[in-house]
Structures are given as C-alpha cells and as structure tokens.
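The values are calculated or read from the model by the stated rules, or taken from the named source; none is laboratory data. This structure is a prediction, so every number in the text was calculated from the model and none was measured. Methodologically, a virtual Cβ is constructed for each residue, glycine included, from the backbone with ideal geometry; neighbour enumeration extends over all protein chains shown.
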Amino acid sequence: MSNDRYTSPLSERYASKEMQYIFSPDKKFKTWRRLWIALAEAENELGLKNEQGEPAVSKEQIEELKAHAEEINYDVAREREKLVRHDVMSHVYAYGQQCPKAAGIIHLGATSCYVGDNTDVIIMTEALRLIRTKLVNVIDELSKFAMKYRNLPTLAFTHFQPAQPTTVGKRATLWLQEFMMDLEDLEYVLSTIKLLGSKGTTGTQASFMELFDGDEEKVKKLDQMIAEKMGFDSCYPVSGQTYSRKLDTRVVNVLAGIAASAHKFSNDIRLLQHLKEIEEPFEKNQIGSSAMAYKRNPMRSERIASLSRYVMADVTNTMFTSACQWFERTLDDSANKRISIPEGFLATDGILDLLLNVVDGLVVYDKVIEKRLLSELPFMATENIMMDAVKAGGNRQELHEKIRTLSMEAGKNVKEYGKENNLLELIAEDSEFPMNLKELQESMNPEKYTGRASSQVKEFIEETVNPVLEANREILGVKSEITV
C-alpha cells in the first residue's frame, strides 16, 4: 500500500481479492493475449492465405503466441506507450518483442475494440458470476434465518407506527424476496450477454472481407469461432466499432438492484438495532464510539447503506455514456468506463460480503420483541374483543365507539403520563363488555394475531427459494472476510 498517493477504498477496504483480480491489469492484458490467439487460430483454421497462397497465419506462430501468453512484459509496453500514446498498439508491440516469428500477424485485421471491448464483456461476465455466487449465498443464509424465526411473533410497522403483528421470519422473507428478484434479473442479463467479435472499425467487417477476399461466409464464421474459443455462444449480430453501451446500463442496473435491496435490508436492521430487537454481529474487541464506550453502532449495516448509494448513483454514468455515443463510435466513454464499471462491481462485491457477514451473525432478542409486542397488543386485539362482545348480544356500532374512546384514554396514559398500557383494565371495568380481566389477558396470545405469517414463510422457502438453492448447491457455503 502506498501512503503518498490516493488509493481507492474499494480496493483497500471493501472489495474481495477475487473481484479485485478480475479487474486487475494482469487479467485484462492476459485476456487481450487470449483474444489475439483466438483470432490467429480462427484465421488459420479458416484457411487465410497470403499473397503467395501460403497460410497467412501458421501453427508455429500460434504456438509462439501461446508460449508467451502469460508473460506480460509491462516495462516494454509502458515505454512504448510513452512514444506512441496508444495502449493497444503498445501491447501489440510488447507481445511481438516476445514472439518475433508471430509479430507480424498479431491483431491481424482487427481494431483496438477487438481486444478492448471483448475483454470488457469477458470481465463483466466473470464479475457477474462472482456476484451471483455471493448473492445465492446471501439468499441461503437469509432463508435459514427466516425459517428459524418463522414462528416468533413481532410487532409490525407501517409508517414506522405499530401495526398488526407479523413474525420475525416473515419480515425476513420481505428482504429475501427482493434478493430473489435481483437474482432473476442477474441471470437474465448473464444469459443474454454476447461478445462483440471481430467487427472492424465501423462494425462492417470490411477489413476481414479484404483479408478473406470477399468470402462472407468465412467472415461470418470468424465471429462465431472467436466467440466459442472465448467461451461464449455467439457475438452481437450488429455493432458499430464497439458493442452497444446499452449493455453496460443493463449490467450496472443489476448491480444497482442488488444495492437497493441491500440498502432496504440495512435500513431495517439499523432501526431494529435502535429498538434493541435485532442486532448485527458485534465483535469482542470492536469499538462502537470513540467517546461513548457503551455504544454498539450498526457500522456494517451503515456501510452497506453507504456503498449501496454509490452503486445506485453509478447507474447514471452508464446511462449517460450509452446516450452520448455518436454514430458508430466516440471515445468519451473510455475514461468513464474505466472507473464506473470496475468500481460498481467492487462496491457491490463489498456490499455482498457485508451482507453475508451480517445475516450470518444476526442476534435476536426475543424477550425485547415480546415485551414491545405485548405493550401494543391490546390495541390490536380490540377488533376480536369487539366481535366477541357482539356475539354475546352487544351492538357493533356502540361497542366500536366505546372501544375507540377507551383506546384513546389508554393511549393518553401511555403517551402523556408514561404509564403502562391499561386498555384491558378499562375494557374489563366496562359493563358493556362481557369478559373479565383474566379472560382478556388470556386472550393476549400474540400467535393469534399473526395470520398466515408462519405458513407463508414455510411455503415461500420450500416452494420458491429451496429449488433455487438446490440447483446451486455446489456454490453454497461461501463465507465472507471483512477487512475493517
């Protein structure tokens, strides 16, 4: 780590080594070389000839390229770029220095976007697969939590005001369902990604038509062969010089969707930690505040929210870049893409590692949850109490007004005088209600008021979530490492 210049916190503090490698220079330039090898192989296999009628690309040249594919001579490339001011041609030159027999056929017929854009697609695809693995593991951990607490009643909130009870597990399924939706979006985008292929300077493949003497079938096959060699089904059928920057918007929208779901989750955890009902993990030697030694701040959830806002805002970068491309290509995308795409992935990777850590270590304080629910439950039980009184011969409208009045009185006792909720006592003392205090207290079973919450959790996990987890069981078990 250098202490005399800026370094990205995404690398130093948040993103995993795996994601950092995907966007590293090594990964980028080794992929360039793989693409040059794929191009040379395809040209050889399609029988490309030189003016003498001999193979324009020989197997000996291809073997030489393969022998040096992993040995990036960065010093040569850097010095060359100072002279020619072109990164791709600098690496063509550097590769050629290592491969003198093949130097003349490296990048044959291609433009810079052949390596630049195809590499971007390959790297985004690998990064999405890593994101997918971590997202599936978040879903797995959250589903376990939901099932474990599916029967634990808790006070639900609308507008952050007490509402009808739910269960802790049911609330967790609300988070879980959003992550499942994110997984669907991610898998769709992954399934539709294609390579740029070998399209030439304006997307017409004119240079390859020249190389192959106007043989359209061979030029078309060249695209398909390169795609297959690089592990893709196909290339985009049409393009300018670059792949459509619309792809970048689709990819970063997936990341932003995950970020939005994570932000929602982290907000709820922070509120629950304030209520002392559920806490994120807090380590033995962790310091919550430099001034207040007793504090247990939800710093992981706060960091999730912080990084999530960055990723959600990053979508505008890709949208503007896509919208502002002129005709077949302009270069005002390049500097932005070098920052927005990698950092969007690095931040999302950090978010998912934090999610894995938090969900795996959530602490539930069931006694606090029960106490808060019971303090509000009499208000929520009034409808059942009223119905029982109607069955005993009471007038529904009169009883409704009576309960409304008593509820206001009990609420006043709680809010203005700081007393306990005495609504049950007030109802028991009213002759219009045919039940005593003991009967009313016995009816205060929270499970009576959670509806189908527990069943909904079980059905959702078993019918919707578990089939996805079963199909992905080989990637389950991932644990995260939080740097700070």
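Structure values in brief
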item: Residue list for the range 232-261, restricted to those being within 14 Å of residue 328 (Cα to Cα) and not charged (D, E, K, R); result: 238, 239, 240, 241, 242, 243, 244
item: Filter pass, residue 88 being within 30 Å of residue 344 (Cβ to Cβ) and either outside any helix (DSSP H, G or I) or in the same structural domain as residue 346 (by TED's automatic domain parsing) (or both); result: no
item: Unique residue being under 21 Å from residue 161 (Cα atoms) and touching a strand residue (DSSP E or B) at 6+ places or on another chain (Cβ under 9 Å) when the list is 450, 405; result: 450
item: The range 184-199: number of residues that are among the small types (Gly, Ala, Ser) and either exposed (fewer than 14 other Cβ atoms within 10 Å of the Cβ) or over 34 Å from the mean Cα position of the chain (by Cα) (or both); result: 1
item: Which listed residue, of 168, 219, is modelled with pLDDT of 95 or more and either within 30 Å of residue 379 (Cα to Cα) or not assigned by TED's automatic domain parsing to the domain that holds residue 359 (or both); result: 168
item: Qualifying positions in the range 95-117 - within 19 Å of residue 78 (Cβ to Cβ) and hydrophobic (A, V, I, L, M, F, W, C); result: 99, 103, 106, 115
item: Those residues of the range 443-484 which are in contact with a Ser or Thr (Cβ under 8 Å, 6 or more places away or on another chain), hydroxyl-bearing (Ser, Thr, Tyr) and in a helix (DSSP H, G or I), in sequence order; result: 454
item: Residue under evaluation residue 423, criteria (1) in contact with a Lys or Arg (Cβ under 8 Å, 6 or more places away or on another chain); (2) modelled with pLDDT under 90; (3) crowded, with 18+ Cβ neighbours inside 10 Å, criterion not met; result: (1)
item: Evaluation of residue 266 against (1) over 30 Å from residue 368 (Cβ atoms); (2) not in a loop (DSSP other than H, G, I, E, B) (one fails), failing number; result: (1)
item: Hits in the range 49-71 (condition: part of a loop (DSSP other than H, G, I, E, B) and either basic (Lys, Arg) or in contact with a strand residue (DSSP E or B) (Cβ under 7 Å, 6 or more places away or on another chain) (or both)); result: 56
item: Pick from the range 1-38, criterion in contact (Cβ under 8 Å) with a residue 12 or more places away in the chain and not in a helix (DSSP H, G or I), ranking: farthest from residue 62 (Cα to Cα); result: 8
item: Exclusive hit being in a loop (DSSP other than H, G, I, E, B), modelled with pLDDT of 95 or more and either touching a helix residue (DSSP H, G or I) at 6+ places or on another chain (Cβ under 6 Å) or surrounded by 22 or more Cβ atoms within 10 Å (Cβ to Cβ) (or both), set 242, 249, 204; result: 242
item: Within the range 252-280, tally of residues that are more than 24 Å from the chain's Cα centre (by Cα), surrounded by fewer than 18 Cβ atoms within 10 Å (Cβ to Cβ) and among the charged types (D, E, K, R); result: 1
item: Hey, residue 463 in contact with a Leu (Cβ under 8 Å, 6 or more places away or on another chain), loosely packed, with under 14 Cβ neighbours inside 10 Å and not assigned by TED's automatic domain parsing to the domain that holds residue 166 or not; result: no
item: Residue pairs meeting the criteria (Cβ under 6 Å; at least 6 apart or on separate chains; first in the same structural domain as residue 135 (by TED's automatic domain parsing), in the range 179-193; second part of a helix (DSSP H, G or I) and basic (Lys, Arg)); result: 186/132; 189/250
item: Residue match in the range 61-77 (condition: under 19 Å from residue 117 (Cα atoms), buried (at least 18 other Cβ atoms within 10 Å of the Cβ) and polar (S, T, N, Q)); result: no
item: Selection status of residue 414, under 25 Å from residue 163 (Cα atoms), surrounded by 11 or more Cβ atoms within 10 Å (Cβ to Cβ), at pLDDT below 90 and β-branched (Val, Ile, Thr); result: yes
item: Unique residue being in contact with a Cys (Cβ under 9 Å, 6 or more places away or on another chain) and either modelled with pLDDT of 95 or more or over 21 Å from residue 346 (Cβ atoms) (or both) when the list is 64, 18; result: 64
item: Subset of the range 361-409 [among the acidic types (Asp, Glu) and within 16 Å of residue 435 (Cα to Cα)]; result: 383, 388
item: Checklist (1) hydrophobic (A, V, I, L, M, F, W, C); (2) in contact (Cβ under 8 Å) with a residue 24 or more places away in the chain; (3) out of contact with any Asp or Glu (no Cβ under 6 Å at 6 or more places or on another chain) applied to residue 174, failing item; result: (2)
item: Looking only at the range 433-484, and only at residues there that are of a type in the set (Gly, Ala, Ser) and in contact (Cβ under 8 Å) with a residue 40 or more places away in the chain, the one that is nearest to residue 376 (Cα to Cα); result: 443
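Okay, residues lined up against (1) outside the structural domain of residue 138 (by TED's automatic domain parsing); (2) surrounded by 19 or more Cβ atoms within 10 Å (Cβ to Cβ); (3) of a type in the set (Ser, Thr, Tyr):
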{"site": "365", "(1), (2), (3)": "no, no, yes"}
{"site": "399", "(1), (2), (3)": "yes, yes, no"}
{"site": "403", "(1), (2), (3)": "yes, yes, no"}
{"site": "407", "(1), (2), (3)": "yes, no, yes"}
